[in-house]
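Computed from the coordinates by the stated procedures, all read-outs in this text should not be read as laboratory data. Computed from a predicted model, the values in this text were never measured in an experiment. Here the Cβ is made from the backbone with ideal geometry for all residues, glycine too, and neighbour counts use every protein chain on show.
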Amino acid sequence: MSVVTHTPAAEPAAAVAHFSARLAFETDVSDVRADLLSGDPTIVVVDSRSGESWRQGHIEGAVHLPTAEIAARAPALISRDVTVVTYCWGPGCNGATRAALEFARLGYRVKEMIGGFEYWVREGFPVLEPSGVRTRPADPLTAPAGAACAC
């Protein structure tokens, strides 16, 4: 018996609902990068990490708002007319999820950037550091040279 199908796959209608919901709650680093490059005013990217982490490097254009400060500071900093995109360290960290929950509780439309800061760096996107903007080579396991995901 198949290990994969030991638990049967969902019916197509349930799968449509599930995957549509995931896309409503999540975005990825490539899509965020594309929107930032285009200057799209409908999103605000929020880094929910600590001040020390922020100072080590962050996404240029992001707003630094640690999760514990969101409830008190977000209404004065971020319009409710935008979609907030939260990020934290990476896939092993649920900080972006907790930050997204705080924004949702305040009535914001919000998405979590899956992969977080780790995958932003691993895909070779620029990072603002104290010395200026730095771009590391892309990790060939996440962004193979010369290959486009085209997803």
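Observations on the model:
- Taken about its Cα centre, the chain carries a charge dipole of roughly 220 debye when the Cβ of each Lys and Arg holds +1 and the Cβ of each Asp and Glu holds -1.
- Each of V85, A100, P126 was scored by the projection of its Cα onto the charge dipole of the stretch 24-151, and the greatest displacement toward the positive side belongs to A100; charges sit on the C-beta of Lys, Arg, Asp and Glu.
- Between the residues A72, I59, V44, the greatest Cα displacement towards the positive end of the dipole of the chain, with unit charges on the Cβ of Lys, Arg, Asp and Glu, is found for A72.
- Under 5 Å from the amide H of R109 lie the amide H atoms of V84, each residue being 5 or more positions distant or on a separate chain, with H modelled from the backbone and absent for Pro and chain starts.
- Multiplying each eigenvalue of the alpha-carbon gyration tensor of the stretch 16-102 by 5 and taking the square root yields semi-axes of 20, 16, 15 Å, largest first, rounded to whole angstroms.
- Option label - Cα Rg over 2.2 N^0.38 Å computed here, alternatives [x] 1.15; [y] 0.94; [z] 1.43: [x]
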